[in-house]
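Structure first, commentary second.
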Amino acid sequence: MTNPQWTDVDQYFTDTIAPADEILTAALADSTAAGLPEIAVAPNQGKLLHLLARTQGARTVLEIGTLGGYSTIWLARALPADGRLITLEYDPAHADVARANIARAGLDKIVEVRTGAALDTLPRLEAEGAGPFDLVFIDADKVNNPRYVEWALKLSRPGTLIIVDNVVRNGRVATAHPDDPAITGTREMFDLVAREPRLDATAVQTVGTKGYDGLLLARVVDGTE
């Protein structure tokens, strides 16, 4: 589902209050040239992630799903000089592109790209004592969204903000689709969040250059709030 007016409005927002710069433009261009799927967040959505991280006062960020590092750059730019961002990418070729983009942005001192299946990498982070993270951004394979949220909780603290991308699935999330693992995983995630007393959450629908989709935002609480 697309609408030219949505794209026009997104472009207007981007041009006026979330303009791209050479670093971000190059990150997208190099990702496309390397054959990565063009599924990075839209510029105004990247700016939203940046503002949420700054509003959160985040010093540590965990990102699950790096792709070419576009959203990583937006998030890392919100961190202080001694901040830390760990981003997890399944595909080694994607990770190489992301590392180059992050280095060109001058953020390689605070960003670490780890390669491999996130469900293998996340237990290692826990064993290393890498958390708690102030913000977790989940934008990876949707079938594993419930597991990613569970791990986000393990690596968080009260006050951590968890953001999950692509939760509307072009409107199809409202109805069960057993033949679509992405929708099944996303619905299981919503069920998990709904029954989890440590999460206070909402979801919003979005339209724009990325079509019809949306975000889940969840704040970790202590279970008594």
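The values are calculated or read from the model by the stated rules, or taken from the named source; none is laboratory data. Because the structure is predicted, anything quoted here is derived from the model rather than measured. Heads up, the Cβs are rebuilt from the backbone with ideal geometry, glycines too, and the neighbour counts pull from every protein chain shown. Just the protein is used for accessible areas: all its heavy atoms, side chains included, with ligands, DNA and RNA removed. Shrake-Rupley method; radii C 1.70, N 1.55, O 1.52, S 1.80 Å.
For region 18-30, indicate whether the set of residues that are assigned to a helix (DSSP H, G or I), hydroxyl-bearing (Ser, Thr, Tyr), open to solvent by less than 70 Å² (accessible area, probe 1.4 Å) and more than 30 Å from Pro123 (Cβ to Cβ) is non-empty. For region 18-30, residues assigned to a helix (DSSP H, G or I), hydroxyl-bearing (Ser, Thr, Tyr), open to solvent by less than 70 Å² (accessible area, probe 1.4 Å) and more than 30 Å from Pro123 (Cβ to Cβ): absent.
Of all residues in region 191-225, those that are over 30 Å from Val9 (Cα atoms), touching a strand residue (DSSP E or B) at 6+ places or on another chain (Cβ under 7 Å) and hydrophobic (A, V, I, L, M, F, W, C) total 4.
Being of a type in the set (Val, Ile, Thr), more than 21 Å from Leu88 (Cα to Cα), more than 16 Å from the chain's Cα centre (by Cα) and open to solvent by 40 Å² or more (accessible area, probe 1.4 Å) is a description that does not apply to Val173.
Criterion applied to Leu125, Leu107 was being open to solvent by less than 60 Å² (accessible area, probe 1.4 Å) and either in contact (Cβ under 8 Å) with a residue 40 or more places away in the chain or out of contact with any Lys or Arg (no Cβ under 9 Å at 6 or more places or on another chain) (or both), and the one residue passing it is Leu125.
Checked against (1) open to solvent by less than 60 Å² (accessible area, probe 1.4 Å); (2) hydroxyl-bearing (Ser, Thr, Tyr); (3) within 24 Å of Gly57 (Cα to Cα), Thr202 passes all but a single condition, namely (1). Scanning region 124-148 for residues that are hydrophobic (A, V, I, L, M, F, W, C) and under 12 Å from the mean Cα position of the chain (by Cα) turns up Leu135, Val136, Phe137, Ile138, Ala140.
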